[in-house]
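Participant: Pasting a structure below so you can have a look.
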Amino acid sequence: MKIKKICCIGAGYVGGPTMAVIAKKCPEIQVTVVDLNKERIAAWNDTDVNNIPVYEPGLGDIVAEARGRNLFFSTQVDEAIQEADMVFISVNTPTKTYGEGKGQAADLKWIELCARQIARVSTTDKIIVEKSTLPVRTASTLKDILSHTGNNINFQILSNPEFLAEGTAVEDLLSPDRVLIGGDPSPKGQAAVEALVEIYSTWVPTERILTTNLWSSELSKLTANAFLAQRVSSINAISEICEVTEADVNEVSRAIGSDSRVGPKFLKASVGFGGSCFQKDILNLVYIARTYGLNEVANYWEQVIIMNDHQKRRFAKKVISSLYNTVSGKKIAFLGWAFKKDTNDTRESAAIYVADHLLNENAELSVFDPKVTAQQVYTDLDYLGTRESTKNASLVTVTKDPYETCKGSHAVAVLTEWDEFNSYDWQKIYDNMLKPAYVFDGRDILETEKLKAIGFRVYTIGKTQTQ
Ligand SMILES: NC(=O)c1ccc[n+]([C@@H]2O[C@H](COP(=O)([O-])OP(=O)(O)OC[C@H]3O[C@@H](n4cnc5c(N)ncnc54)[C@H](O)[C@@H]3O)[C@@H](O)[C@H]2O)c1
């Protein structure tokens with residue numbers, strides 16, 4: 001089965017970059033990415049690729065190369081589904097905010113809507129690919145909905161979870177550690193698996209394309225994120241011990257990461273993990289385990305989230321206790337708002353929760369992030385619903401100049417590991433701050449000794465404060 005036309009439902013952080021790379025690597029396939037969000041599609045179609053809605057290094061060039069040739073962004077969802085041989089579902093699957101499973105289960109409302117829409121408009125056989133991260137056994141729900149169309153169309157469902165990391169999405173897509181494809185063991189199911197394998201094998205070595213059954217594939221994505229987040233929470237737990245024992249968390253990381261059984265990656269202590277996936281996917285795993293009555297399993301994974309919340313809270317508390325136990329009316333400068341460097345994505349960013357904690361203490365915040373807009377900062381704080389948005393607007397300012405952000409502040413807090421922060425003129429920043437001037441480095445990216453020599457009091461995650 002040779003795929004000629006692909007439709008991808010959802011033009012977000014996954015759908016956009018993933019389809020851009022498929023279009024680049026497979027110029028003979030027509031790829032149409034559709035979304036209900038008109039502004040998002042308009043931004044993907046902006047003639048200036050600097051304005052596409054997802055910031056990822058290298059993505060603009062790929063979009064510029066393929067767009068209009070075999071890559072299209074559109075709001076005509078029905079038409080694109082109808083024409084396609086293969087439909088990727090790449091819509092959001094956030095944590096439920098209502099009803100049964102509230103706060104833990106994945107909200108599959110958008111997935112079900114996609115399935116019903118595909119069922120309604122399809123007139124030819126199609127391969128449906130789950131690209132969104134989904135609870136294990138979702139494919140059976142999709143199958144159930146799709147097999148009741150009454151028009152004898154054959155739908156094959158595949159699970160093809162995405163493992164890209166924001167900030168390195170293009171690199172990850174061009175050279176993935178592995179591509180995972182789960183499918184039905186029947187001959188038709190295996191033919192569908194082969195069709196997707198053929199697409200990826202255009203640029204991914206075949207030994208890196210893993211095929212499994214549907215349920216293993218669905219569960220592997222949740223498991224992968226749970227393991228990654230668990231490493232962050234594990235090293236963060238150790239960072240707190242380091243701070244009271246004069247051990248240095250970087251030295252501990254290096255020592256344990258040199259063991260080939262452990263490995264060096266993802267062992268960097270920080271103010272806490274964020275992003276749209278880790279927390280949501282672990283909560284989902286916890287919910288699934290509880291649903292099956294596996295309470296010990298659920299409690300085990302839940303602890304990863306509890307530790308992460310603790311890390312964000314204790315960072316905020318450190319700021320407060322250092323500033324003589326009150327931050328009321330004091331200006332605190334935030335460098336960074338995105339959940340990690342090289343992305344404009346702020347979902348579940350640690351900065352939001354640290355800010356919320358400080359705002360509860362009536363701090364005045366000034367925020368600078370190289371890629372995040374002022375509107376996004378206010379939206380993130382308002383979304384928490386902790387206080388009136390007018391109050392957020394009066395306590396928080398967002399500037400486009402890091403020196404302006406830091407001017408007149410009592411403390412600078414580094415919340416995102418943007419490379420440029422280290423290259424700032426820290427003497428100039430110090431000269432324009434109130435004294436004693438504090439730096440709270442939540443990402444351990446600054447040169448502590450240099451800052452101390454200037455006169456700063458420096459707190460770094462995972463290191464005992466000596467000043
Ligand atoms: N962001 C990541 O780093 C990442 C990595 C791997 C997997 N995932 C998973 O991929 C999925 C998508 O994540 P994302 O970050 O791209 O989300 P996103 O919110 O950026 O994008 C989802 C898009 O789907 C659109 N949409 C929703 N319902 C629709 C419908 N019925 N028809 C058309 N469009 C519709 C929304 O308007 C939105 O633009 C999630 O399940 C997520 O867990 C995300």
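Participant: Can you give the charge dipole size of the chain about its Cα centre, rounded to the nearest 20 debye, using +1 on the beta carbon of Lys and Arg and -1 on the beta carbon of Asp and Glu?
Facilitator: 540
Participant: Further, regarding this structure: Could you tally the net charge around Trp203, taking each other residue with its Cβ under 10 Å from the Cβ of Trp203, Lys/Arg +1 and Asp/Glu -1?
Facilitator: +2
Participant: Hey, another quick one. Cα-based Rg of segment 242-283 per 2.2 N^0.38 Å, rounded to two decimals?
Facilitator: 1.44
Participant: Give me the percent relative contact order of the chain, please, defined on Cα pairs under 8 angstrom at least 6 residues apart.
Facilitator: Relative contact order for the chain comes out at 12 percent.
Participant: Please tell me the relative contact order of segment 190-314 in percent, rounded to the nearest whole number, where contacts are Cα pairs under 8 Å and at least six residues apart.
Facilitator: Answer for segment 190-314 is 26 percent.
Participant: Simple spin-label model, 7 Å along Cα-to-Cβ: Asn37 to Lys317 in nm?
Facilitator: That separation, rounded to one decimal, is 3.6 nm.
Participant: Here is a follow-up. How high is the relative contact order of segment 5-106, in percent, with contacts defined as C-alpha pairs under 8 Å that are six or more residues apart?
Facilitator: 37
Participant: Moving on to the next point. For segment 1-44 and segment 234-306, write down the distance between their C-alpha centroids in whole Å.
Facilitator: Value for the Cα centre distance between the two parts: 34 Å.
Participant: Against the longest alpha carbon principal axis of the chain, how many degrees, from 0 to 90 and to the nearest 10, is the axis of helix 350-360 turned?
Facilitator: 50
Participant: Among the chymotrypsin sites (Phe, Trp or Tyr not before Pro) in segment 284-346, which ones are in a DSSP loop with at most 11 other Cβ atoms within 10 Å of the Cβ? Mind listing them?
Facilitator: Here the sparse-neighbourhood loop sites are Tyr292, Tyr324.
Participant: Run the quick spin-label model on Asn422 and Asn45: label points 7 Å from Cα toward the beta carbon, then report their separation in nm to one decimal.
Facilitator: Output for this residue pair reads 4.3 nm.
Participant: Given labels modelled 7 Å from the Cα in the Cβ direction, how far is it in nm from Asp177 to Lys2?
Facilitator: 3.6
Participant: At most 11 other Cβ atoms within 10 Å and a DSSP loop assignment: could you name the trypsin sites (Lys or Arg not before Pro) in segment 194-285 that fit?
Facilitator: Of the trypsin sites (Lys or Arg not before Pro), the ones in loops of segment 194-285 whose Cβ has at most 11 other Cβ atoms within 10 Å are Arg261, Lys265.
Participant: Only helical DSSP H runs with n ≥ 4 go in: add -39500 (n - 2.57) per run for the chain, normalise by residue count and round the 222 nm mean residue ellipticity to 500 deg cm²/dmol.
Facilitator: Calculated from helices alone, the mean residue ellipticity at 222 nm is -13500 deg cm²/dmol.
Participant: Then there is this: Starting at 0 and stepping by 10 Å, how many percent of the alpha carbon pairs of segment 5-204 end up in each bin?
Facilitator: Result returned by the calculation: 9, 36, 38, 16, 1.
Participant: I've got another one for you. Counting Lys and Arg as +1 and Asp and Glu as -1, what is the net charge of the other residues whose Cβ lies under 9 Å from the Cβ of Thr346?
Facilitator: -3
Participant: Just to verify a number: FRET efficiency for Asn360 and Asn432, C-beta to C-beta distance, R0 = 22 Å, to 0.05?
Facilitator: 0.25
Participant: Which distance in Å, rounded to a whole number, links the C-alpha centroids of segment 398-413 and segment 307-358?
Facilitator: For segment 398-413 versus segment 307-358, the Cα centre distance is 14 Å.
Every read-out reported here was derived from the displayed coordinates using simple, explicitly stated rules and does not represent laboratory data. Treat the numbers as computed from the prediction; the structure is a model and nothing was measured. Note that each Cβ is placed from the backbone with ideal geometry, even for glycine, and that neighbours are counted across all protein chains shown.
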